[in-house]
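The values are calculated or read from the model by the stated rules, or taken from the named source; none is laboratory data. Quick caveat, the model's predicted, so the values are computed rather than measured. A quick note on method: Cβ atoms are made from the backbone with ideal geometry, for glycine too, and the neighbour counts reach across all protein chains shown. Ligands, DNA and RNA are stripped out before the accessible areas are found, and what is left, the full protein with its side chains, is counted by its heavy atoms. Shrake-Rupley method; radii C 1.70, N 1.55, O 1.52, S 1.80 Å.
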Amino acid sequence: MNVTINKNIVQVKENMTLREILDQCNLNAKVGMAVAVNNEVINKTLWDTFCLKENDNIVVINAVCGG
């Protein structure tokens, strides 16, 4: 199935969890990292069980220090 991660279409297996897809794309969870699926922030405690669907839009944001 296809999902979009930060505006890039990525082909993944069906029934993958959010954590599995982040790992597959080398987007390992870091402090200050947030993930939204279809404009809804997904709590980090749910990443291991949150299953994605065809055409989901995933946005990964990393906080940075500075101004």
I need the shape label for the chain. Rule: rounded when a/c is under 1.5, else prolate if a/b > b/c, else oblate, with a, b, c from the alpha carbon gyration tensor. prolate
At 222 nm, what helix-only mean residue ellipticity would the chain give, in deg cm²/dmol to the nearest 500, using -39500 (n - 2.57) for each DSSP H run of four or more? -2500 deg cm²/dmol
So the carbon and sulfur contribution to the accessible area of the chain, 1.4 Å probe, in percent, is 50 percent
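Place a +1 charge on the Cβ of each Lys and Arg in the chain and a -1 charge on the Cβ of each Asp and Glu, then give the dipole magnitude about the Cα centre in debye, rounded to the nearest 20. Provide the component values of the computation, followed by the final result.
On the way: 6 positive and 7 negative charges, 40 e Å.
Dipole magnitude for the chain comes out near 200 debye.
With a cut-off of 8 Å between alpha carbons and a minimum separation of six or more residues, what is the relative contact order of the chain in percent? Intermediate values should be presented prior to the final figure.
Details: 99 pairs, mean separation 29.8, N = 67.
For the chain, the relative contact order is 44 percent.
Ordering E40, E54 from largest to smallest accessible area (1.4 angstrom probe), what's the sequence? Each step should come with its number before you reach the end.
Details: E40 120, E54 90 Å².
Result, largest first: E40, E54.
Accessible area per residue of the chain at 1.4 Å probe, in Å²? Show your work: numbers first, answer last.
Working: 4670 Å² over 67 residues.
For the chain, the solvent-accessible area averages 70 Å² per residue.
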